[in-house]
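A short write-up of the structure that comes next.
The values are calculated or read from the model by the stated rules, or taken from the named source; none is laboratory data. If you're wondering where the values come from, they're calculated on a predicted model, not measured in any experiment. Backbone-built Cβ (ideal geometry, glycine too); neighbour counts: all protein chains shown. Areas reflect the complete protein model, heavy atoms only, side chains present, ligands, DNA and RNA absent. Shrake-Rupley method; radii C 1.70, N 1.55, O 1.52, S 1.80 Å.
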Amino acid sequence: MYPFPVFLFLTILCLLGSTADAIGVNWGTMSSHPLPPPKVVELLKSNEVSKVKLFDADPLVLQALSGSNIVVTLGIPNSMLKTLNSSRKAAESWVHDNVTRYFSHGGAGVRIEYVAVGDEPFLQSYGDQFHPFVIGAAMNIQAALTKANLAGEVKVVVPCSFDTFVSESGRPSKGHFGTDLNKTMIELLTFLSKHHSPFFVTISPFISFQQNKNISLDFSLFKENARHHNDSHRTYKNSFDLSYDTLVSALSKIGFPEIDIVVARIGWPTDGAANATSSIAETFMKGLIDHLHSKTGTPLRPRNPPIETFIFSLLDEDHRSITSGNFERHWGVFTFDGQAKYHFNFGQGTKNLVNAQFVEYLAPKWCVVNNNKDLSNASASALEACSTSDCTALSPGGSCSNISWPSNISYAFNSYYQQNDQRADSCDFGGLGLITTVDPSVDTCRFFVELQTSHSTSAHEAYIFLRIILLLACLFSCLLGFTW
């Protein structure tokens, strides 16, 4: 197994007693070399994670979850919303293929709890491209579930992004939905209320801290010594409560003050930006879990915390979009290969988080810069390498931002080399690359070796298959010649 320092820590994903089912985790699959689904399910089960939220309905993932007893939220990508809005038949087909086919009626199937229509389709960076289709798609999926006699067991929800609600003054009592969203939100909340479904929303203390100079790091991390924020007679001690009550006010203003809320995404990244580190993420997660476990709620909803919370995310994903920042590829509680990133104790029990076991890696080889060559054009080659591979750890504040030239060139070369399954030609770079078996990792900067996946061996297997065919053909020809 590829060596990586493992720090044991108490699980952030599972609480004792009555809150045990309230914490789940997002499982994203936007990785070039994903951990195999059965291995991920094994990771979830070994850590007693009882709920998982997916962003699509991958058959391999659903097959792996079958019989696991893990409660699942299925996702529908934004790219499908237009079709599902316009075609009831398409919605029925989707439900049949992804819900009915796998649904557990107390047997060995998948325990599907929610269907999430869209992946934050109201995110501001998307504009209004998905707005016209969301409600219609949700209604058609609901109708399809009813037709399949599953509407009583599977609820339809629509995950909403952190920027769907705002408060220009920063005061929660002034929270409201964007004016362009008011009509759509009223339609959505009317639909959710009718079917007794909760409101799914992202809360992002990290992004709030990045974008708002009035939000301090201590306030984001649930620190007791953080400067409080006041809103009339209400006092806010942390960024989570501030954002949550801004949402509660927005919901109240359009007539839905009591609707149940599920925090569909919340986490803290560990790389790719300043203050995105494992130690800070550890502090945030401990504070969050302690806060949820206390059941104190928020000033506007005292003793009424979110009914469920999904940590974002289970694993790092090197193919996530970095439009909003390089940190987007580093939300995982675990690294891409299922190894825990940090240690903390939320005060419950003595159980340690378990890492993924028997992970299969490519050969222990790395691509580095050849110091015996003229490196005057090496930076251009590194930029080209990073354009199609993941170099986000080199970002200012990232775990590899402090390595000097030409080590940073080597990091870029290696990222490209691993992305391309360690093909010899992917470490060429006009003769500037050199394959080595000596790990070039430095301090906190990990030069990774990718996972062994089915596609990383397909070319080799095809080559072996071709050789066998040729050998058989030769043998057959020899036999024919002998017969004649």
For this session: Would you mind computing, in nm to one decimal, how far apart the modelled labels at Asp180 and Asp218 are, each placed 7 Å from Cα along Cα→Cβ?
Result: 3.8
Problem set entry | DSSP-defined antiparallel bridges as percent of all bridges, the chain, nearest 5 | 35
Problem set entry | Amide H contacts of Ile112 (H built 1.01 Å from N, under 5 Å, at least 5 apart or other chain) | Val72, Ser104
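Which links in Lys53/Lys286; Lys223/Lys365; Lys286/Lys365; Lys45/Lys174; Lys51/Lys223; Lys53/Lys365 stretch past 31 Å when you go from one Cα to the other? Don't jump to the answer; show the numbers that get you there.
Numbers: Lys53/Lys286 21 Å; Lys223/Lys365 43 Å; Lys286/Lys365 36 Å; Lys45/Lys174 42 Å; Lys51/Lys223 28 Å; Lys53/Lys365 35 Å.
Distance filter (> 31 Å) returns Lys223/Lys365; Lys286/Lys365; Lys45/Lys174; Lys53/Lys365.
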Seminar exercise, completed: The long-range amide H neighbours of Tyr236, using H built 1.01 Å from N in the peptide plane and a cut-off of under 5 Å, are His229, Asn230, Asp231
Exercise. On average, how much accessible surface per residue is there in the chain, in Å², for a 1.4 Å probe, leaving out ligands, DNA and RNA?
Worked result: 45
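Under the 0.36 nm per residue contour assumption, what length would be gained going from the current alpha-carbon distance of Leu383 and Ser407 to full extension? Write out the running numbers ahead of the final one.
Details: separation 24, 0.36 × 24 = 8.64 nm, distance 1.37 nm.
Answer, rounded to one decimal: 7.3 nm.
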Exercise. Each residue of the range 169-177 in order: what ³J(HN,Hα) in whole Hz does its phi give by Karplus 6.51 cos²θ - 1.76 cosθ + 1.60, θ = phi - 60°, with x for Gly and Pro?
Worked result: 7, x, 8, x, 5, 9, x, 7, 7
Seminar exercise, completed: Counting Lys and Arg as +1 and Asp and Glu as -1 over every other residue whose Cβ sits under 13 Å from the Cβ of Val359, the net charge comes to -3
Problem set entry | Straight-distance crosslink candidates among aspartates and glutamates, where the alpha carbon sits under 19 Å from Lys194 and sequence neighbours closer than 8 are dropped | Glu113, Glu153, Glu258, Asp260
Problem set entry | Whether the range 230-296 is rounded, prolate or oblate, judged on the alpha carbon gyration tensor where a/c under 1.5 counts as rounded | prolate
Exercise. Once the dipole of the range 234-284 is set up with Lys and Arg at +1 and Asp and Glu at -1 on Cβ about the Cα centre, which of Leu251, Phe284, Ile261 lies farthest towards its positive end?
Worked result: Leu251
For this session: Heavy atoms only, probe 1.4 Å: what % of the accessible area of the chain goes to carbon and sulfur, would you let me know?
Result: 55
Problem set entry | Positive-pole candidate from Thr453, Pro302, Val61, dipole of the chain, charges at beta carbon | Pro302
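Please identify the helices of the chain, taking whole runs of DSSP H, that span at least 20 Å along their own axis as judged from the Cα atoms and have a mean Kyte-Doolittle score of 0.5 or higher. Walk me through the numbers on the way to the answer.
Details: long enough: 131-147 (25 Å, 0.71); 239-253 (21 Å, 0.27); 278-294 (24 Å, 0.14); 454-483 (42 Å, 1.27).
Span-like helices, by this rule, are 131-147, 454-483.
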Seminar exercise, completed: Note on the range 203-319: alpha-carbon gyration tensor, axes a ≥ b ≥ c; rule is a/c under 1.5 for rounded, else prolate if a/b larger than b/c, else oblate; result prolate
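Mind giving me the FRET efficiency for Ser324 and Asp425? R0 is 35 Å, r the Cβ-Cβ distance, nearest 0.05 is fine. Before the final figure, lay out each step's value.
Working: r = 34 Å, r/R0 = 0.96.
With R0 = 35 Å, the Cβ-Cβ based efficiency is 0.55.
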For this session: Pop out the ³J(HN,Hα) list for the range 202-211 in order, Karplus 6.51 cos²θ - 1.76 cosθ + 1.60 with θ = phi - 60°, rounded to Hz; leave Gly and Pro as x.
Result: 8, 10, 10, x, 5, 5, 4, 5, 5, 9
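Nearest 500 deg cm²/dmol is fine: what mean residue ellipticity at 222 nm does the chain get from its DSSP H runs of n ≥ 4 alone, each adding -39,500 (n - 2.57), divided by its residue count? Intermediate results must be reported in sequence, preceding the final value.
Working: 13 runs with 156 residues, N = 484.
Helices in the chain give a 222 nm mean residue ellipticity of -10000 deg cm²/dmol.
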For this session: Return the whole-Å distance between the Cα centroid of the range 234-254 and the Cα centroid of the range 372-436.
Result: 45
Seminar exercise, completed: Rounded to 0.05, the calculated FRET efficiency for the beta carbons of His131 and Arg303 at R₀ = 41 Å is 0.70
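Given R₀ = 51 Å, what would the calculated FRET efficiency be for Ile259 paired with Lys373, taking r from the Cβ atoms and rounding to 0.05? If you can, show how the numbers build up before the last one.
Working: r = 63 Å, r/R0 = 1.24.
So the FRET efficiency works out to roughly 0.20.
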Problem set entry | Where only C-alpha atoms are counted, convex hull volume of the chain per residue in Å³ | 197
For this session: Post the alpha-carbon centroid distance, the range 176-232 to the range 274-304, in whole angstrom.
Result: 14
